[in-house]
Amino acid sequence: MLSAALTLLSLSVPAWDAEHRINVFGGNAWIEFHAALALFSYGVFGLLSLTSILFLLRHFSLKNKRLDGTFAFLPSIVDLDLIGHRLLITGVVLLATSLLVGASWWMRDPGGVNPVKIAVTASIWLAYAVALTLRLRGRLQGKRLAKVCIVLFAVALLSLSLITPRRPVPGPASVPSHQP
Amino acid sequence: VSSPDVSPVLFVVGASHQTTPIELRERLALTPEKLAQLHDAASRLAGLRELAVVSTCNRVELYGVATDANAVAALEQEFCRLSGLDPATFATIRRLADGSDAIRHLVAVASGLESQMLGENEIFGQVKSAYEGAQQRRSVGPVLNRVFQKAFQSAKHVRTQTAITVGQVSVANVAVELAGTIFGDLSATRVMLLGAGDISEKTARAFQSRGAGSLTVASRTLARALELATEFGAVALPFEQVGQRLHEFDILVCSTAAPHAVITHGAVATALRRRPAHPLFFIDLALPRDVEPDVATLENAFVYNLDDLARIAERNRAAREAEVARALVLVGERADSIWRQVAPQASGRLEPR
């Protein structure tokens, strides 16, 4: 309710809008969609890493028989595992969609995208996809999966500095007429 | 009552686990027939205006409004006659209070502060049933109606505003609470009782009351397993099949009298490989232990023995006791408030007898 009220308030005052919006994506809606999906997937992976930390804490509390104090507020270990599993699926699907949208643009203009960015992002997606596959096959579970998710998110965050376009993304004038 | 022309007196007379050994409490407990007889006898007592009887396995208390102390003494006589107890013996164990002290006692009882298991929930329902029974018999009037109804509100207030009900304090309930921290909702869990003793039965009852998905009983004596399974609407399993079917269960309550461990590290490791995403929770209530200690080293196996559960129960009990002082202050405030409302109708006091 509060966020809705604040949003309405901010939208109702035009003077608060930036006068010259910086158009980092050159006005290309598909690139914006690609970036938004990628950011959203990183948000999901962020939540996954938090869930994984809670999972490790709950596991520690159960194994060490420390269930009072702060530990009493943690969800059950099975619930945390289920939440983590769903977040992993959601993140992998979102990032895959984002990569597919980005790839369709990249195929039209291979020189316009930093190859390091493609390699790093694809590697991160692949690593999460492998973790998901192993989870579904029962090969990567519990504490090990939680640790992998935390490490992967740390790597994903560090790699963000590499994810910059080689040159400015062309504006609408130079966008091919048959957009994806 | 101090003098014949003063207001009627609100009183409580009875005995509880605090003063009465179990052998005497067994005799004091009122069966439905005896309770009816007591009400019948009370209705003929001159000077007794209102009566409500709280009778549980831990206490028998008669709450009433009388015009004089003789009526209270006569009620006590009737009670002793029905219980087959010598009045002199009863005088050594009874608790007698009047006015605001009687209200304070009722609020404390309904809050669980006077219970053997501090803060337990059951007593609230028992007091409520006692009041409803008295209402049906039309033995309560304007004073007790107000006192009981306000006491229920006060007890709810005390229970919600303090932590006297937080954390389970019995081993069986601690085990169920622990299962919740592992599985969350227990409706999909499969519970196996390994051994069919008393403690298994209590734990099974606790799991059933929390809505556990299914119960299976395995015992060396199949007849006993079948008996317990029938009682709980569960399935009986031959003891020899336990090892092979371990992976089918989420929670194992072990309480066999076996002289050695019956759940081995190897058997659990095999079971966990067959259900990699699902933890196994062992509640080992047996002495000597039924589960090999190194089972706890397996990542997805959680093993709690009798000592672990008792330690948690003790910690919860200590936490509850720390809240007692705060709860008693609330009880006092609420009782004083109720007393101010009923005092105009029953402000008399009992003389020391």
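Every number in this text was worked out from the coordinates using simple rules, so none of it is lab data. Since the structure is predicted, the reported quantities are computational estimates derived from the model, not experimental observations. FYI the Cβ positions are ideal-geometry reconstructions off the backbone, even for glycines, and counts take in every protein chain you see.
Values for this structure:
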quantity	calculated
Cα-based radius of gyration of the protein assembly as shown once divided by 2.2 N^0.38 Å, which approximates compact folds	1.41
Cβ-Cβ FRET estimate between B:Ser129 and A:Phe40, R0 fixed at 35 Å, reported to 0.05	0.05
Dipole axis of the protein assembly as shown (+1 Lys, Arg; -1 Asp, Glu on Cβ), positive-most option in A:Val130, A:Pro115, A:Phe60	A:Pro115
Interchain or long-range residues, amide H under 5 Å from B:Cys254's placed H	B:Leu194, B:Ile283, B:Asp284, B:Leu285
Neighbourhood net charge (14 Å Cβ-Cβ; Lys/Arg +1, Asp/Glu -1) for A:Leu136	+3
Inter-chain shielding of B:38-48 (mean C-beta neighbours from other protein chains, 10 Å cut-off)	0
Inter-chain Cβ neighbour average for residues A:67-80, partner chain, 10 Å	4
Peptide-level mean, for A:57-66, of C-beta atoms on other protein chains within 10 Å	3
Of A:Lys63/B:Lys156; B:Lys128/B:Lys202; A:Lys117/A:Lys147; A:Lys147/B:Lys202, pairs whose Cα-Cα distance is over 30 Å	A:Lys63/B:Lys156; A:Lys147/B:Lys202
Ranked list, fewest to most other Cβ atoms within 10 Å of each Cβ, for A:Phe73, B:Phe207	A:Phe73, B:Phe207
Rg/Rg_globular for chain B, with Rg_globular taken as 2.2 N^0.38 Å and Rg from C-alpha atoms	1.23
Size of electric dipole in the stretch B:133-196: Cβ of Lys, Arg +1 and of Asp, Glu -1, about Cα centre, debye, nearest 20	520
Residues of the stretch B:38-62 with amide N under 19 Å of a point placed 7 Å along Cα→Cβ from B:Glu26	B:56-60
Signed unit charges on C-beta, dipole axis of the stretch B:1-118, positive-most listed residue B:Met117, B:Ser7, B:Pro21	B:Met117
Under 5 Å, built H, 5+ apart or other chain: amide partners of B:Arg49	B:Val65, B:Ala66, B:Thr67
Check: chain B dipole with +1 on Lys, Arg Cβ and -1 on Asp, Glu Cβ, in debye	660
Net charge, B:Asn145 excluded, C-beta distance under 14 Å - Lys, Arg +1, Asp, Glu -1	+4
Value at 222 nm in deg cm²/dmol, rounded to 500, when DSSP H runs of n ≥ 4 in chain B each add -39,500 (n - 2.57)	-15500 deg cm²/dmol
Nearest-20 debye value, the stretch B:209-353 charge dipole, Cβ charges on Lys, Arg, Asp, Glu	420
Pairwise centroid distance, computed over Cα atoms, of the stretch B:301-334 with the stretch B:148-192, Å	11
